[in-house]
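Student: For reference, the structure I am asking about is given below.
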Amino acid sequence: MVRIAELVHYPVKGCAGTSVRTAEMTPAGIAHDRTFMVVDADGNFRSQRGEPRMALVRAGVSAGGAHLRLDLDGLGPVDVAADPEGPRLEVTVHGQRFTGVDQGAEAAGWLSEALGAPSRLVRVPADHDRRVGGLTPGTSAFADSTAVLMASLSSLDLLNERILARGADPVPLDRFRPNIVVSGWPEPHTEDRVRAVRLGTAELGYAKVCVRCAVTTVDQDRGVRSGPEPLRTLAGYRRADTGGVSFGAKFAVTRPGTLSVGDEPEVTAWDEPEEGLGGRLAAALA
């Protein structure tokens, strides 16, 4: 039976995620997802691409989003009262410029010590109005692009079968940092064919496949890079026509609502995978 197996939000972009049983789906994705972001002295966002240790920073946010706790083994926690009205900084995400609200010296000092480099914490301002493209356009906070990433356990099973066949160790799904994990789809990468889906009272529209980067090679439990997988194996059967390799699909929110682990995804529109991926997947399954 097809079900939502896990829901995850990442309050601080690049830091550890938090699994939840029930989530509010806002126009910008799961509530509190990537609402905060770590930046360097020039306002450039920090991520596990350059700072794999960020995977070890645990971030917990209160239900209303007014308080954030950051924690790291060996350093201890810091509590941050989210400030929506503080000084504004110009910040950059993949070359795009946005505005972030600085969250103060204590958070900055803690993160600088945790990461070993000057850092500041910023929050999405109340008037943040970021538009992201795709087959279904939408909005998002500080995510790389579209608000919601969906991945299925059947996709992971196929990937790990192929990784094991190479004599390498399988990878867990947290390498891909999904928001919604679906179990029960018999065919791997079914998420590539979903064009509209209802989850609880929320509705999502397909935006694009998710092209993966070096973050997938970071061991999320140890905060270190751990070799070429899964990118090496994905390159054999998941090359996207736009470049790179893909795993999972990105969705925009078309109707806000509430969803829970155990909900059955009701797919209301299907289509073929983006050009190229369907044929390569068929060959991989042959």
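Values in this text are rule-based calculations from the coordinates and carry no lab data. Keep in mind the model is a prediction, meaning the values are calculated, not measured. Heads up, the Cβs are rebuilt from the backbone with ideal geometry, glycines too, and the neighbour counts pull from every protein chain shown.
Student: If the elastic network links every pair of Cα atoms under 10 Å, which of G223, G257, G236 fluctuates the most in the Gaussian network model of the chain?
Tutor: In the Gaussian network model the winner is G236.
Student: Now a separate question. Determine which residues of region 174-196 fall in the zone a paramagnetic label at A168 would reach in this model, i.e. backbone nitrogen under 16 Å from the point 7 Å along Cα→Cβ.
Tutor: Label zone hits: 174-176.
Student: On average over all directions, what projected area in square nanometres does the chain have, based on the convex hull of its Cα atoms?
Tutor: It is 14.1 nm².
Student: Between T99 and A66, what FRET efficiency follows from the Cβ-Cβ distance if R0 is 30 Å, with the result rounded to 0.05?
Tutor: Calculated transfer efficiency: 0.90.
Student: Loop only per DSSP, at most 11 neighbouring Cβ atoms within 10 Å: give me the GluC sites (Glu not before Pro) in region 77-160, ordered by residue number.
Tutor: Values: sites: E85, E90, E106, E113; in loops: E85.
Loop-located and lightly packed - E85.
Student: Follow-up. Applying 1/(1 + (r/R0)^6) with R0 = 41 Å to the Cβ-Cβ distance of M1 and D221, what FRET efficiency is obtained, to the nearest 0.05?
Tutor: FRET efficiency, M1 to D221: 0.85.
Student: Looking at the chain as a GNM with Cα springs under 10 Å, which of H189, H94, H67 has the largest mean-square fluctuation?
Tutor: H94
Student: What is the Cα centroid distance between region 97-119 and region 176-251, reported in whole angstrom?
Tutor: 29
Student: Which percent, nearest 5, of DSSP beta bridges in region 27-128 are antiparallel?
Tutor: Antiparallel: roughly 95 percent of the beta bridges in region 27-128.
Student: May I pose another question? Where does the chain land at 222 nm, in deg cm²/dmol rounded to the nearest 500, when only DSSP H runs of n ≥ 4 count, each adding -39500 (n - 2.57), divided by all residues?
Tutor: Helix-only estimate at 222 nm: -3500 deg cm²/dmol.
Student: Jot down the radius of gyration and Dmax of region 1-131, Cα atoms only, both in angstrom.
Tutor: 14.4, 49
Student: Which value, in debye to the nearest 20, gives the size of the charge dipole of the chain about its Cα centre, when Lys and Arg are +1 and Asp and Glu are -1 at the Cβ?
Tutor: The calculated dipole for the chain is roughly 480 debye.
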